[in-house]
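Reviewing the structure listed below.
The values are calculated or read from the model by the stated rules, or taken from the named source; none is laboratory data. No experiment lies behind these values; they were computed from the predicted model shown. Neighbour counts run over all protein chains shown; Cβ positions are idealised from the backbone, glycine included. Please note that ligands, DNA and RNA were not included when accessible areas were found on the heavy atoms of the full protein model with its side chains. Shrake-Rupley method; radii C 1.70, N 1.55, O 1.52, S 1.80 Å.
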Amino acid sequence: MKRLQISYLLGYVTVQVKGIMPERFIQTCVNKQIAIWNIEKTDQHTCIASLAKKDIQTIKDLAHESEYSLKIIEEKGIPYIYKKLLRQNYLLVGIIIAIVSLFFLSNIVWRVDITGFPKELEQKIMKTLKGYGVYPGAFMFRIDSSSQLQQQLLHDIPELLWIGIEKRGTSVQLEGVEKIIVDKEKEVPPQHLVAAKDGVVQKIFVSKGVARVGTYDYVKKGDLLVSGYLLDDTAIDEDVAEENKLVAATGEVIARTWYEVDVTIPLKGNDEQLTGKQLRKFYLNIFNIDIPIWNFSKVDFDLEKKETIEHPLFFLNWQLPFTLVENIHSEKEIRSWERSKKLAHEIGKKQAYQELRLLLGKNATIISDKVLHEAIEHDKVILTLYITVEENIAKPQPIMNQTEKD
Amino acid sequence: MKKIHQRLREILVHYFSLPSDAVMELPRITMLGDLHVYVENHKGIAIFKNDLLRLNTPNGFIQINGSSFKIKMMLPEELLLEGKIEHVTFLPK
């Protein structure tokens, strides 16, 4: 009976053969390798038989050549059901269209809700989100994941302290906290300013306190720069200190400091680079089996970087058991490069500057540099640089009751 | 000449214990009660009616009598007959 099921899938017909000795005709058909079943003789000159849909044309041709007449009396199987559906059953077609459109509509962002922000910030967030492709009418599965969006938003809008994004059904809900910038005038306890590093003082700006060093003085780490005692601290004792002569010294002491930086720069190397050629492929993942649905072209990159993004699909509020998988194949190439000693030298210097800036922050300025040592080892240039920097070296030091004065 | 051929086949079957249906081109008939007749190695239908099926074989005909016959399946050398079977007869040429 297995045969019957397969033929049901492919479609089969029941034909009526009329003529003298119709079984002869069936015999010729069988000899032509046509599978025939359910042969029945209804009367002396007619015969009923079933055969597969694909053999109809052959049997028609055979009937044409002979003196038998052929009539199809029944059509059965999936292909015929399908045809019938298309032809007559508009209702079913309508239902299918409805399901498909419902499925699409379930995967569209209908609403973006933002709560917890003032109006103007809300507008700003909306605008930024639009830039990311999150707006009413966008496809859900084209949006990045919530955590990615969160990070992007936090990066792009500095006013945000925290933001949570949740995709709930057809709406995207954002909830967050605004960063409120408050200038807190903190009551600073009495303090001195001391040197954080060795250096030669260049400029002194004191807003409170008494400067204890002059320009071009060489100071060592821990030396007192600006005193919190307004009076000469050698003369005063504890009692005087109590009489509001103690302040929190504030100010800046710009001094020249020196750093020794070691950098290593390779002369040769390999780089991986994307060529810009990209191929996006879409798959439908059902039970961990990827079924390709879009872009069937073969990836013919010699080297590639593959990125896989999974988009969950929804039907109304339910997440479907299959997901849309997007594979981005990017072509990459390996470039090997070589650079001259001079160039390496330059790059090394830049690198050293960068390292130092990272270490010191924005307020330091680099004045000059000097190469102390240079060597080439294993295709690498090793540089030792001596860099002079101007920076603020003042560091607050609280004054304890029994602070020892320098 | 044909007699010699037939003899040779018989000898083959006898001495080499080869399956006789394959070597001797005889039809193999399998019956399921009186419901089904399954014939292999036949050489085509001679007559088919509601109550009679006559099949060609190299040595003659096989005639099956009965009622409400229906050929469930037909391939060049195989045939499955369904119905109420009464007789299976071998008719020599």
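Once you put a point 7 Å from the Cα of A:GLN57 and another 7 Å from the Cα of B:LYS70, both along the Cβ direction, what distance in nm separates them?
Here the answer is 3.1 nm between the modelled labels.
Please work out the C-alpha center-to-center distance from the stretch A:5-19 to the stretch A:279-330 and express it in whole Å.
The two parts, judged by their Cα centres, are 41 Å apart.
What are the residues of the stretch B:49-87 that lose 40 Å² or more of accessible area, with a 1.4 Å probe, going from their chain alone to all protein chains?
At a threshold of 40 Å² (probe 1.4 Å), the residues of the stretch B:49-87 that become less exposed are B:LYS70, B:ILE71, B:LYS72, B:MET74, B:PRO76.
How large, in percent, is the carbon and sulfur part of the accessible surface of the stretch B:26-92 at a probe radius of 1.4 Å?
On the way: 1750 of 3140 Å².
Result for the stretch B:26-92: 56 percent of the exposed heavy-atom area is carbon or sulfur.
What does the structure give for A:29-42 when I average, per residue, the other chain Cβ atoms found within 10 Å of the residue Cβ? Can you show the working numbers first?
Working: counts 1, 9, 2, 1, 2, 3, 4, 4, 7, 6, 10, 9, 9, 1.
Rounded to a whole number, the mean comes out at 5.
If I stretch the segment between A:SER340 and A:TYR132 completely, what's the gain in nm (0.36 nm per residue apart, minus their alpha carbon distance), one decimal? Please report the intermediate quantities before stating the final value.
Working: separation 208, 0.36 × 208 = 74.88 nm, distance 4.28 nm.
Length gained, A:SER340 through A:TYR132: 70.6 nm.
Give A:LYS203/A:LYS342; A:LYS305/A:LYS342; A:LYS130/A:LYS298; A:LYS119/A:LYS167; A:LYS306/A:LYS349; A:LYS268/A:LYS350 a once-over and call out the pairs whose C-alpha atoms are over 26 Å from each other.
Values: A:LYS203/A:LYS342 36 Å; A:LYS305/A:LYS342 34 Å; A:LYS130/A:LYS298 34 Å; A:LYS119/A:LYS167 22 Å; A:LYS306/A:LYS349 36 Å; A:LYS268/A:LYS350 18 Å.
Where the Cα-Cα span goes over 26 Å, the pairs concerned are A:LYS203/A:LYS342; A:LYS305/A:LYS342; A:LYS130/A:LYS298; A:LYS306/A:LYS349.
Where nothing but the Cβ of Lys and Arg (+1) and of Asp and Glu (-1) is charged, how large is the charge dipole of the stretch B:26-92 around its Cα centre, in debye to the nearest 20?
Working: 7 positive and 7 negative charges, 26 e Å.
Roughly 120 debye, rounded to the nearest 20.
Under a point-charge model restricted to the Cβ atoms of Lys and Arg (+1) and Asp and Glu (-1), what is the dipole moment magnitude of chain A relative to its Cα centre, in debye to the nearest 20? Kindly include the intermediate steps, with their values, before the conclusion.
Numbers: 53 positive and 56 negative charges, 603 e Å.
For this selection, approximately 2900 debye.
If you take each beta carbon of peptide A:171-178 and count the beta carbons of other chains within 10 angstrom, what is the mean?
Averaged over the peptide's residues, the number is 0.
Hey, which of these cross-link pairs are over 20 Å Cα-Cα: A:LYS281/A:LYS332; B:LYS43/B:LYS72; A:LYS220/A:LYS245; A:LYS32/B:LYS43; A:LYS18/A:LYS71? Let's see the in-between values first.
On the way: A:LYS281/A:LYS332 17 Å; B:LYS43/B:LYS72 17 Å; A:LYS220/A:LYS245 27 Å; A:LYS32/B:LYS43 14 Å; A:LYS18/A:LYS71 8 Å.
From A:LYS281/A:LYS332; B:LYS43/B:LYS72; A:LYS220/A:LYS245; A:LYS32/B:LYS43; A:LYS18/A:LYS71, over 20 Å: A:LYS220/A:LYS245.
With r as the distance between the Cβ atoms of A:ASN31 and B:THR30 and R0 = 35 Å, compute the FRET efficiency 1/(1 + (r/R0)^6) and round to 0.05.
For R0 = 35 Å, the calculated efficiency reads 0.95.
Just to be sure I understand: with springs between alpha-carbon atoms less than 10 Å apart, which residue in A:HIS329, A:HIS45, A:HIS192 has the highest mean-square fluctuation in the Gaussian network model of chain A?
Highest fluctuation among the options: A:HIS45.
Could you check how much of the accessible area of the stretch A:332-406 is carbon and sulfur, as a whole percent, using a 1.4 Å probe?
Details: 2600 of 5380 Å².
Result for the stretch A:332-406: 48 percent of the exposed heavy-atom area is carbon or sulfur.
Counting other Cβ atoms within 10 Å, which trypsin sites (Lys or Arg not before Pro) in the stretch A:8-75 have at most 14 and lie in a DSSP loop? List each step's numbers first, then the result.
Values: sites: A:LYS18, A:ARG24, A:LYS32, A:LYS41, A:LYS53, A:LYS54, A:LYS60, A:LYS71; in loops: A:LYS32.
Of the trypsin sites (Lys or Arg not before Pro), the ones in loops of the stretch A:8-75 whose Cβ has at most 14 other Cβ atoms within 10 Å are A:LYS32.
About the Cα centre, and with charges only on the beta carbon of Lys, Arg (+1) and Asp, Glu (-1), how big is the dipole of the stretch A:269-337? Nearest 20 debye, please. Write down the numbers at each step before the final one.
Numbers: 8 positive and 11 negative charges, 32 e Å.
So the dipole magnitude of the stretch A:269-337 works out to roughly 160 debye.
As I understand it, the dipole of the protein assembly as shown uses +1 on the Cβ of Lys and Arg and -1 on the Cβ of Asp and Glu, about the Cα centre. Which of A:ILE293, A:PHE104, A:ILE328 lies farthest toward its positive end?
Ranked along the dipole, the leading option is A:ILE293.
So for the pair A:VAL100, B:GLN6, with labels modelled 7 Å out along Cα→Cβ, what separation do we get in nm?
Between A:VAL100 and B:GLN6, the label points sit 6.8 nm apart.
Heavy-atom accessible area per residue, the stretch A:111-178, 1.4 Å probe: how many Å²? Intermediate results must be reported in sequence, preceding the final value.
Values: 3930 Å² over 68 residues.
With the other protein chains kept in place, the stretch A:111-178 gives 58 Å² per residue.
Report the accessible surface area buried between chains B and A, summing both sides, using a 1.4 Å probe on protein heavy atoms only, in Å² rounded to the nearest 100. Can you show the working numbers first?
On the way: alone 6300 and 27040 Å², together 31940 Å².
Adding both sides of the contact gives about 1400 Å².
On a 0 to 90° scale, report how tilted helix B:2-16 is relative to the longest principal axis of chain B, with both axes built from alpha carbons and the result rounded to the nearest 10.
80 degrees
Given the -39500 (n - 2.57) contribution per DSSP H run of 4+ residues, what per-residue ellipticity at 222 nm results for chain A, rounded to the nearest 500 deg cm²/dmol?
Values: 8 runs with 101 residues, N = 406.
Computed mean residue ellipticity for chain A: -8000 deg cm²/dmol.
Within chain A, which is the longest segment that contains none of the GluC sites (Glu not before Pro) sitting in a DSSP loop with at most 12 other Cβ atoms within 10 Å?
Details: sites that count: A:GLU67, A:GLU185, A:GLU187, A:GLU404.
For GluC sites (Glu not before Pro) (loop position, at most 12 other Cβ atoms within 10 Å), the longest site-free span of chain A is A:188-403.
Of the residues A:ALA52, A:ALA211, A:ALA249, which exhibits the maximal mean-square fluctuation in a Gaussian network model of chain A defined by a 10 Å Cα contact cut-off?
A:ALA52
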